Amino acid sequence: MTPVPPISFNRSSLQGRELEYIFQTISAGQIAGDQTFSKKCHALLEDVLGVQKALVTTSCTHALEMAAILLDIQDGDEVIVPSFTFVSTPNAFVMRGARPVFCDVRPDTLNLDESKLEALITPRTKAIVPVHYAGVACEMDEILRIGAKHGVAVVEDNAHGLFGKYRGRWLGTLGCMATQSFHETKNITCGEGGALLINDSRFCERAEIIREKGTNRARFFRGQVDKYSWVDIGSSYVMSDVLAAFLYGQLEVWRQIQEKRRVIWGCYHQHLSEWCAQHDIRQPLVPAHCDQAYHMYYLLLPSLEVRTALIQHLKARGILAVFHYLPLHLSEYALRWGGRRGDCPVTENVSERLLRLPLFNSITEEQQHEVVEGVRSFAV
């Protein structure tokens, strides 16, 4: 009998004209950054989302680093982030000298708990960085209200949430800036890549400079200066046009990609609902005022022991399901800021119980059926 190939947690796939565009950019000798396809990506994101400026970057991490520089983060500043996130969210600001202040997440959406936010603000607070977990929006009206009240910038970490909405508004367009990820695990990808979205025109020109190693090269190519020079701090945050070509091939079919993922997400939600109800297992919650991005499908299991057993059960059937973030406030590096167990109890609890199921653009109905049956055959 031919062995059944394993079902990976994630698998990259071609969705549009990616290879054609890569051939075009190489044939034209345009493989550095900010050439034809980088500009096409910028224009599409600006047109669809209505942001002041979109700039593709080498990663979402680098987009966050740009945001930290644009906000002039200094030694001793504080930046509020959820503890339940990837390390890049605080690290970009820590690299500029900031102290991360970890906020717990809501038990329903697993997003930054806005009810706990104001108590964390001090005169040193320089930024709030909410993360739209799983592509479901944080409660941005309240977060923005608190930020405005205290004169604190809000930067959306929208790595999961491109083309999701909050009360009819695109995620990534609500804070003064937002960051996107095009890593291979995301809905729309180029392997490694990101973008900085700017919603405050005060940051537009300096963002171009920071992204181009601190030079005014962008103004030079627009004919606004006779020569370009070093005018500010910065780094090499420009995406290769080869990657931008791949990215544009996916971005121009974003509606089709999102529709595929909506169907996949809905299949899990429908076919696992009865099993979850029987075993007191929680499915993702999407508030009525949020249009999610269909980035991931997770289950919240009763305990760490049950999660570990289910991972092994699925693995034995050739299915890779994985857990997610560990609490950052308890990480080895963050303990130097005084993090203690119990500081973010919801984060600590869900981190031990959350399991992500395979969800990628090319997953087949047959593969999804295998995953569903694998889950439902598990004896809780």
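Points worth noting:
- Gln270 assigned by TED's automatic domain parsing to the domain that holds Glu365, in contact with a Ser or Thr (Cβ under 7 Å, 6 or more places away or on another chain) and not small (Gly, Ala, Ser): no
- In the condition set (1) among the acidic types (Asp, Glu); (2) crowded, with 24+ Cβ neighbours inside 10 Å; (3) free of Cβ contacts under 8 Å to residues at least 24 places away in the same chain, Glu212 is compliant with all but (3).
- The listed residues are Arg202, Arg124, and the only one of them that is of a type in the set (D, E, K, R), over 26 Å from Pro358 (Cβ atoms) and either touching a residue at least 40 places away in the same chain (Cβ under 8 Å) or touching a Gly at 6+ places or on another chain (Cβ under 8 Å) (or both) turns out to be Arg124.
- Number of residues in region 286-342 that are in a loop (DSSP other than H, G, I, E, B), within 24 Å of His132 (Cβ to Cβ) and at pLDDT 95 or above equals 18.
Table: residues versus (1) of a type in the set (S, T, N, Q); (2) within 15 Å of Pro82 (Cα to Cα).
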| residue | (1), (2) |
| --- | --- |
| Ala137 | no, yes |
| Glu142 | no, no |
| Val152 | no, no |
| Ala159 | no, yes |
| Lys165 | no, no |
| Leu174 | no, no |
| Thr179 | yes, no |
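- Pairs linking a residue in region 71-89 that is under 20 Å from Ile143 (Cα atoms) to a residue that is among the aliphatic types (A, V, I, L, M) and in a helix (DSSP H, G or I), with Cβ atoms under 6 Å and 6 or more positions apart or on different chains, are Ile80/Leu120; Ser83/Leu328.
- Looking only at residues in region 246-286 that are within 19 Å of the chain's Cα centre (by Cα) and over 15 Å from Asn361 (Cβ atoms), the one that is surrounded by the fewest Cβ atoms within 10 Å (Cβ to Cβ) is Leu285.
The values are calculated or read from the model by the stated rules, or taken from the named source; none is laboratory data. Just so it is clear, the structure is predicted and the values come from calculations on it, not from any experiment. Counting neighbours? That spans all protein chains shown, and the Cβs are built from the backbone with ideal geometry, glycine included.
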